[in-house]
Amino acid sequence: MVAAALCLLPALAHAQGGSTFADAAFKEGRRLFDAHQYGAACAKFQTSYDMDPQRNTLQALAICREKEEKWASAWDRYLELARQASRAGEEDKARLARDKASDLEKKLLYVVLVMDQPPTGLDITVDGTKLDASLLGTKLPVDPGPHDVVVTAPGKKPWKQRITVGPSPVEQQVKIAKLEDAPASEQNNGGAQYQLPGPMRPAPSFWTTQRTVGAIVAGAGILSLGGGAVFQIVALSESSKGKDAGREADRLGEPSLGGGDSKCVEGGDTSDCPNRVSQKSRKDAAANNQTVAIVLASTGGAMVVTGIVLIATGGHHGTTATWKPKSSSPLLADFSLSPVAAPTSFGLTGTF
């Protein structure tokens, strides 16, 4: 039966299968089976069946598990094949599958899991397959070889044991010990709770938005002070040149500008008093530059003070800077200054 079934399986699976990947896995499984690499072949047949559950693939998997001497796995596949074939009206295939399952049942190995007073919420897994707690005390068919049994329950430490079954047909009993209580820190929601650390937060930068604005304002104030200084220098220069022109006019005996002489009238004939005209224009230019210098200096000074206050009060969580004089004098022991910022004004507050 094994040889006959495997001769038909490749063509049938390829014709009936609905997945190209499943067909590829089946063909690779057949190649490995022919090479007597049964473990690898069974894995390919299982992959093909998981992707496209065809009865021919299930039959190949049952035959492969039998060749691998995994009697419980082969027995289970033959029983499933018999059920599927019977539903599909393939009675001959169903009968042959039941006969094979009956033959393999004589070789089965069993494990019986027992436990005194199992706790509520008991979970049992054998080789990763979850079993209902009601199966305690029931004969469970397993393949020969090692098996990992893991038992857990809420608020309890896991119980783990590796058992080896076979090779002769025996019934092996596995006694599950009473589960120990888990530490109190691990009993929240029935087990250990692990919390991933939160994202690392960088240290807050000194340059908050307010401090950045303060630095910009203070910088603009410094530029304004520089502009005021330039205009002040120009004003002084014009004033000096005006004085020089006045002294030259006195030396030459030029009449005063607008002094009633028709030849020295502002806006008229000034041919007799060119130095007086120069003196007047230099004086006016000096006054104008002086005015601009005062405006720029006043604005720049205010901006620098404002920027300093913004920087001083722009710390995180409302922190502010406080200045205390370094003096041992008892008169200054209680003296301190702190900047204060309001929506429309800035200032200093202190204790004296």
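Laboratory data are not the source of any read-out in this text; all were calculated from the coordinates shown. No experiment lies behind these values; they were computed from the predicted model shown. Note that we place each Cβ from the backbone using ideal geometry, even for glycine, and neighbour counts take in every protein chain shown.
Length available on full extension from T299 to A287: 0.36 nm per residue minus the Cα-Cα distance, which gives 2.5 nm.
A cut-off of 5 Å between modelled amide H atoms, ignoring neighbours fewer than 5 places along the same chain, links K156 with A182.
Sorted ascending by nearby beta carbons within 10 Å, beginning with the fewest, Y38, Y49, Y78, Y110 become Y110, Y38, Y49, Y78. Under a 5 Å amide H cut-off, with hydrogens placed 1.01 Å from N, L131 pairs with I124, T125, V126 among residues at least 5 apart or on other chains. Listed from fewest to most Cβ neighbours within 10 Å, the set R55, R98 follows the order R98, R55.
Counted residue by residue at 0.36 nm each, then reduced by the alpha carbon distance between them, the extension gain from I163 to V150 reaches 3.6 nm. In sequence order, region 282-297 has phi-based couplings of 5, 5, 5, 5, 5, 5, 4, 5, 5, 4, 5, 4, 5, 5, 5, 5 Hz under the Karplus curve 6.51 cos²θ - 1.76 cosθ + 1.60, θ = phi - 60°, and Gly or Pro positions carry x. Karplus-derived 3J(HN,Hα) values for region 150-158, using 6.51 cos²θ - 1.76 cosθ + 1.60 with θ = phi - 60°, are 10, 10, 9, 7, x, x, 10, 6, x Hz; glycine and proline are entered as x.
Going by how many other Cβ atoms sit within 10 Å of their own, how do F33, F45, F206 line up, fewest first?
Listing F33, F45, F206 from fewest to most nearby Cβ atoms yields F206, F33, F45.
The phi-based Karplus calculation (6.51 cos²θ - 1.76 cosθ + 1.60; θ = phi - 60°) puts the 3J(HN,Hα) values of region 46-61 at 5, 4, 4, 5, 5, 7, 8, x, 8, 5, 5, 5, 4, 5, 5, 5 Hz, whole numbers, x for Gly and Pro. Amide H contacts of V111: L140, V142, Q172, each under 5 Å away and 5 or more positions distant or on a separate chain (H built 1.01 Å from N in the peptide plane; Pro and chain starts excluded).
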